[in-house]
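S.K.: Mind looking over this structure? Questions follow.
Values quoted throughout were computed directly from the atomic coordinates according to the rules given, and no laboratory measurement underlies them. No experiment lies behind these values; they were computed from the predicted model shown. Virtual Cβ from ideal backbone geometry, glycine too; neighbours counted across all protein chains shown.
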Amino acid sequence: MTNAAIKLDESWLNQVGEEFDKPYMQNLKEFLRQEKSAGKVIYPKGDEIFNALNSTAFDDVSVVILGQDPYHGPNQAHGLSFSVQDGVRFPPSLLNIYKEIINEFGGEMPKSGNLTCWAEQGVLLLNATLTVQQAMAGSHQNKGWEEFTDAIVRAINDKREHVVFMLWGSYAQKKGAFIDRKKHLVLAAPHPSPLSAHRGFLGCGHFKRANEYLEEKGYAPILWSLKI
């Protein structure tokens, strides 16, 4: 990631642009440069690292879904948490997300795991860590990304109102612990991973509850069911 590679939506540059000048971000950029120089494969590709921010402008955010790492398999990650590119087999967590949406709204299983249409409706699909080495889950944790994504969540918390935060699993819940529950709706549940989904994610009702809240506050609901 070089300065030239950082192409960030202006609405987000206005909120977190100063983060790119901080020492932690300079260290992160150097870490990524060295990893690529060593021939390591990094996901997602460079122009998709900030896809979540470039797909959902700051003022358009109505829901935030916090993930942890990008997917680390070929052709999966494209910068949106839990989303995979068209034609890619659904990862288990995404499959459980779809099952819960069908449970809440009915319908059939989508053909694609690409969640871009959610992002375009105002769902910020944000991972805590924005890059990962191929086949090495968690390999880019504690390199600086978490500080950057904390700044993103803090900006939304401080400068917006009536945003729905979906915090699935203990990691996301710890990351979102500072969110002001008086200004925003925080929905917490176990992670949709097969290891934990049956402990309360399946049946959580989060998607319907999010829409009810948005409508109560005068905002458009999200069309969660993918007609593809």
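S.K.: Using alpha carbon centroids, what distance separates region 192-207 and region 103-160, in Å?
M.R.: Measuring centre to centre over Cα atoms gives 17 Å.
S.K.: Report, in listed order, any pair from K36/K174; K40/K175; K7/K45; K143/K175; K7/K159; K7/K29 with a Cα-Cα distance greater than 20 Å. Display every interim value, and only then the final one.
M.R.: Details: K36/K174 31 Å; K40/K175 28 Å; K7/K45 13 Å; K143/K175 16 Å; K7/K159 23 Å; K7/K29 14 Å.
The answer is K36/K174; K40/K175; K7/K159.
S.K.: A further question follows. For region 10-22, in order, what is each residue's ³J(HN,Hα) by Karplus, 6.51 cos²θ - 1.76 cosθ + 1.60 with θ = phi - 60°, in whole Hz (x at glycine and Pro)?
M.R.: For region 10-22, the Karplus curve yields 4, 4, 7, 4, 5, 9, 10, x, 5, 4, 5, 9, 7 Hz.
S.K.: Work out how much length A38 to E10 would gain on full extension: take 0.36 nm times their residue separation and subtract the Cα-Cα distance, in nm to one decimal.
M.R.: Length gained, A38 through E10: 6.8 nm.
S.K.: To the nearest 10 degrees, how steeply does helix 92-105 sit against the main Cα axis of the chain, on a 0 to 90 scale?
M.R.: It is inclined by approximately 30 degrees.
S.K.: Related question: Mind checking Rg over Rh on the chain, alpha carbons, Kirkwood formula for Rh? Spell out each step's value before the answer.
M.R.: Working: Rg = 16.9 Å, Rh = 17.9 Å.
Dividing the radius of gyration by the Kirkwood radius yields 0.95.
S.K.: Let me ask another. What percentages make up the Cα-Cα pair-distance distribution of region 48-91 when the bins are 10 Å wide from 0?
M.R.: P(r) over region 48-91, rounded to whole percents: 26, 52, 20, 1.
S.K.: Which whole-Hz couplings ³J(HN,Hα) result when phi for each residue of region 41-50 is put into the Karplus expression 6.51 cos²θ - 1.76 cosθ + 1.60, θ = phi - 60°, listed in order with x for Gly and Pro?
M.R.: Coupling constants for region 41-50: 8, 10, 10, x, 5, x, 7, 10, 4, 9 Hz.
S.K.: For region 1-67, what mean projected area does the convex hull of the alpha carbons give, in nm²?
M.R.: 5.1
S.K.: Pull up all non-local amide H partners of V64: gap of 5 or more, or a different chain, and H-to-H distance under 5 Å with H placed in the peptide plane.
M.R.: The list, which skips near neighbours in sequence, is L124, V164, F165, M166.
S.K.: Taking Cα pairs under 8 Å and at least six residues apart, what relative contact order does region 137-213 come out at, in percent?
M.R.: 26
S.K.: With axes computed from alpha carbons, what is the tilt in degrees of helix 145-159 against the longest principal axis of the chain, rounded to the nearest 10 within 0 to 90?
M.R.: The angle comes out near 50 degrees.
S.K.: Working only with C-alpha atoms, what are the Rg and Dmax values of region 128-195, expressed in angstrom?
M.R.: Gyration radius and largest Cα-Cα distance of region 128-195: 13.3, 40 Å.
S.K.: Under the rule of at least 5 residues apart or a separate chain, name every residue whose amide H is placed under 5 Å from the amide H of A188.
M.R.: Counting only residues 5 or more places away or on other chains, the set is L167.
S.K.: Provide the percentage of antiparallel DSSP beta bridges, counting only those with both residues in the chain; round to the nearest 5.
M.R.: Numbers: 3 of 17 bridges.
Bridges in the chain are about 20 percent antiparallel.
S.K.: Against the longest principal axis of the chain, how steep is helix 23-37, in degrees 0 to 90 to the nearest 10, with axes from Cα atoms?
M.R.: 80
S.K.: Going Cα to Cα from K111, which aspartates and glutamates come in below 15 Å? Please leave out same-chain ones fewer than 8 positions away.
M.R.: Partners within reach: D86.
S.K.: Considering Cα pairs under 8 angstrom that are at least six residues apart, work out the relative contact order of the chain and quote it in whole percent.
M.R.: Here the relative contact order equals 23 percent.
S.K.: Related question: Work from the charge dipole of region 110-159 (Cβ charges, +1 for Lys and Arg, -1 for Asp and Glu, about the Cα centre) and give the residue of H140, L126, L115 farthest towards its positive end.
M.R.: L115
S.K.: Where does the chain land at 222 nm, in deg cm²/dmol rounded to the nearest 500, when only DSSP H runs of n ≥ 4 count, each adding -39500 (n - 2.57), divided by all residues?
M.R.: -10000 deg cm²/dmol
S.K.: Amide H to amide H under 5 Å from D9: which residues, 5+ apart in sequence or cross-chain, H placed 1.01 Å off N in plane?
M.R.: When sequence neighbours closer than 5 places are left aside, the close amide H contacts are N54.
S.K.: Ok, one more. Given 10 °C and 1.306 mPa s, how large is the Stokes-Einstein diffusion coefficient of region 103-228 in µm²/s, with Rh as the Kirkwood radius over Cα pairs?
M.R.: Reported coefficient: 98 µm²/s.
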